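Student: Pasting a structure below so you can have a look.
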Amino acid sequence: MPLPFLTADRAVDAPGEYSDDVALPFDDHDRWRRPYRPGPWRVGAAAMLLLLASFVLLAAVIIAAAGEPAGAVAVLGIAVLVIASALRLLRVGVWVSRAGLRRVAFLTTTTVAWPRISGVRTVQQPVRWLGLPRTVQGQALLAERQGGETLPPLLTDHNADFLGRGDAFDRAADLVEAWGDEYRRC
């Protein structure tokens, strides 16, 4: 029995064409896009935060039912912060468009126009393991501004998106480098 809602954007029978490690297609180069899928560590951490938020929301309902509205509002505020943190965690990464390169961190966002970037390259260097203080030898994708200033690593092969997925890191790094090569000349 064919299920048309499963085949609306792709063929189910296409073996390996849309596996989990394949980069996302880009139709509109003017929209900000992440050239890779979020990794299992990032998605798992966000899922755990959302699970925690559900328990905090349940606690807020119980506190409100007990007749403590001020406490319920405080706990509800904590739940909203946890949900916002989970959503922000899912947005962390590198985003590209025709306008430039955007590095989204948990608390900050840096956007640099392509003409202001002199180069994007992959280098071997010590990288942070899952964003923790511990460093290991790995690969990092770096972007240099025109003045010689190097941005913090855009991607590493040991971050939450690519830990244990070396091929996905190589594809994502190649895609970001290709975007840079194409739009730096404009």
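Student: Relative contact order for the stretch 19-170: what is it in percent, counting Cα pairs under 8 Å that are at least 6 residues apart?
Tutor: Reported as a whole number, the value is 20 percent.
Student: Leaving ligands, DNA and RNA out of it, work out the accessible area of Asp167 with a 1.4 Å probe and give it in Å² to the nearest 10.
Tutor: Approximately 110 Å² of Asp167 is accessible to the 1.4 Å probe.
Student: Shape verdict for the stretch 43-108, please, from the Cα gyration tensor: rounded (a/c under 1.5), prolate (a/b greater than b/c) or oblate.
Tutor: Prolate, since a/c reaches 1.5 and a/b exceeds b/c.
Student: Considering Cα pairs under 8 angstrom that are at least six residues apart, work out the relative contact order of the stretch 82-186 and quote it in whole percent.
Tutor: RCO, the stretch 82-186: 22 percent.
Student: Using the Cα gyration tensor of the stretch 146-186, with a ≥ b ≥ c the square roots of its eigenvalues, what is the shape: rounded (a/c below 1.5), prolate (a/b larger than b/c) or oblate (neither)?
Tutor: oblate
Student: Using a 1.4 Å probe, what is the accessible area per residue for the stretch 25-164, in Å²?
Tutor: The answer is 56 Å² per residue.
The values are calculated or read from the model by the stated rules, or taken from the named source; none is laboratory data. Keep in mind that what you see is a predicted model, and the values were worked out from it rather than measured. Surface accessibility is based on the protein's heavy atoms, side chains included, excluding ligands, DNA and RNA. Shrake-Rupley method; radii C 1.70, N 1.55, O 1.52, S 1.80 Å.
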